[in-house]
1. Going by the alpha-carbon gyration tensor, a ≥ b ≥ c the square roots of its eigenvalues, is segment 234-332 rounded (a/c under 1.5) or, if a/c is not under 1.5, prolate (a/b greater than b/c) versus oblate?
2. Apply the a/c threshold of 1.5 to the C-alpha gyration tensor of segment 163-230 and tell me whether it is rounded, prolate or oblate.
3. So between Glu178 and Phe77, what do we pick up on full extension, going 0.36 nm a residue minus the alpha carbon distance?
4. Shape of segment 258-306 from its Cα gyration tensor (a ≥ b ≥ c, root eigenvalues): rounded if a/c is under 1.5, otherwise prolate when a/b > b/c, or oblate?
5. Would you please give the FRET efficiency between Leu114 and Leu211, computed as 1/(1 + (r/R0)^6) with r the Cβ-Cβ distance and R0 = 56 Å, to the nearest 0.05?
6. Quickly rank 20-30, 247-257 as a protection proxy: mean count of other C-beta atoms within 10 Å, highest first.
7. Once you have the Kirkwood Rh of the chain from its Cα pairs, apply Stokes-Einstein at 4 °C and 1.567 mPa s and quote D in µm²/s.
8. Between beta-carbons, use under 14 Å as the cut-off and find the net charge around Thr186, counting Lys and Arg +1, Asp and Glu -1.
Amino acid sequence: MKKENYPLLDIAQFCATVLIVLVHCGKLFQYEPLHFFLKNMLCRIAVPLFFVSSGFFFREHTKRDNHYSTIYFKRHFKTYLCWSIFYIPYGLYFIKLVGVPHTLYLPAAAIGFLSFGICYHLWYYPALFLGLFLSKKMQERYSQSATFIVSFFLFCFGACETYSSYLANTFIGNIYEEYHHLFFTTRNGLFFAFVYIVLGFLLSDKRNDPLSRNWLPLKITCSSLLLFIEGLVIYKNPGDDKNFLISTIPLIFFLLSLLVHSEKLKKMNCTHFRVLSRYLFLINPFFIETIKYFFRPKVIQGIPLFTVSLILSFVVSEFIITYKDKLEKHLLSHT
């Protein structure tokens with residue numbers, strides 16, 4: 001079966017990766033409203049975009065190949081394991097920095113690997129694995145509507161992290177506080193990734209329905225307006241973190257629908273952007289943290305840190321892609 005080409009989605013994933021790098025670079029602008037808009041509104045659509053697109057492609061492939069899920073998990077777990085090993089020095093440095101006793105280094109590393117990631121960006125993989133597992137199992141037993149409703153309510157609990165200041169001294173707020181003391185964040189596969197992956201499944205199954213085809217520019221505009229309003233509410237009274245934005249649920253669904261159905265650039269092969277975005281995502285914290293470490297005690301952050309780390313990550317990513325392909329071609333030619 002001929003693989004479908006989604007050039008606009010490949011380009012969008014590359015842009016989303018750049019936004020993720022931006023999030024990792026601390027304070028972006030001294031003017032607080034501009035900093036908040038860029039980092040806590042615009043950049044917050046990046047990770048959901050990856051979860052929805054992962055759910056979409058996972059669902060598409062499992063329809064064609066019953067064994068695909070096993071292949072998918074093995075391939076991505078291998079990637080996660082290799083990059084976790086690469087970031088062990090940073091993980092140990094962070095554990096030491098937060099004051100974990102030496103005797104607890106191994107349990108702390110194990111907990112990090114299973115949930116938070118050895119480095120802060122690697123939380124994506126445990127969240128992806130759990131989110132895909134839950135989505136797959138739920139839809140095998142229940143309807144899409146029931147699965148979405150469950151995932152949405154779990155997301156709403158996770159959003160207590162964003163709205164914690166509004167929920168202080170309430171019943172839900174107290175439950176969230178108990179959870180927060182134990183697990184630090186609700187940004188994981190259960191409360192965060194699950195609903196976005198379900199959306200990806202929904203987009204795959206309903207890709208020809210009016211919901212995911214008609215009036216998409218208008219739907220994206222209305223969803224963006226909701227995001228702006230939600231951002232104003234959070235800016236007025238911010239919570240523990242700003243990972244959960246409820247308005248991103250319709251926004252990312254309609255945006256992905258538009259990217260999937262668009263015929264623009266269909267004849268172009270933009271898969272290089274997809275591969276490049278993967279390596280940029282994986283390698284950028286190495287340069288960010290290395291630059292910050294060697295510039296201590298002077299604080300370097302924001303646009304200067306973003307510019308330097310992005311350029312270095314780009315160069316190294318291109319190097320890896322180029323020589324990995326050449327090495328694979330060389331090995332194939334001698335087999």
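1. Numbers: a/c = 2.85, a/b = 1.07, b/c = 2.66.
Verdict is oblate for segment 234-332.
2. Details: a/c = 3.90, a/b = 1.86, b/c = 2.09.
The shape class here is oblate.
3. Values: separation 101, 0.36 × 101 = 36.36 nm, distance 3.10 nm.
Stretched fully, the Glu178-Phe77 segment lengthens by 33.3 nm.
4. Values: a/c = 4.92, a/b = 3.07, b/c = 1.60.
Prolate.
5. Details: r = 36 Å, r/R0 = 0.65.
In this case the efficiency is close to 0.95.
6. Numbers: 20-30: 17.8, 247-257: 23.0.
Output ranking for 20-30, 247-257: 247-257, 20-30.
7. Working: Rh = 21.3 Å.
Taking Rh from Cα pairs, D becomes 61 µm²/s.
8. On the way: positive: Arg187, Lys242; negative: Glu161, Glu177, Glu178, Asp240, Asp241.
Result for the neighbourhood of Thr186: -3.
We did not get these values from a lab; they are worked out from the coordinates using the rules stated. Bear in mind the structure is a predicted one, so any value in this text is a computation, not a measurement. Ideal geometry is used to build each Cβ from the backbone, glycine not excepted, and the neighbour counts take in all protein chains shown.
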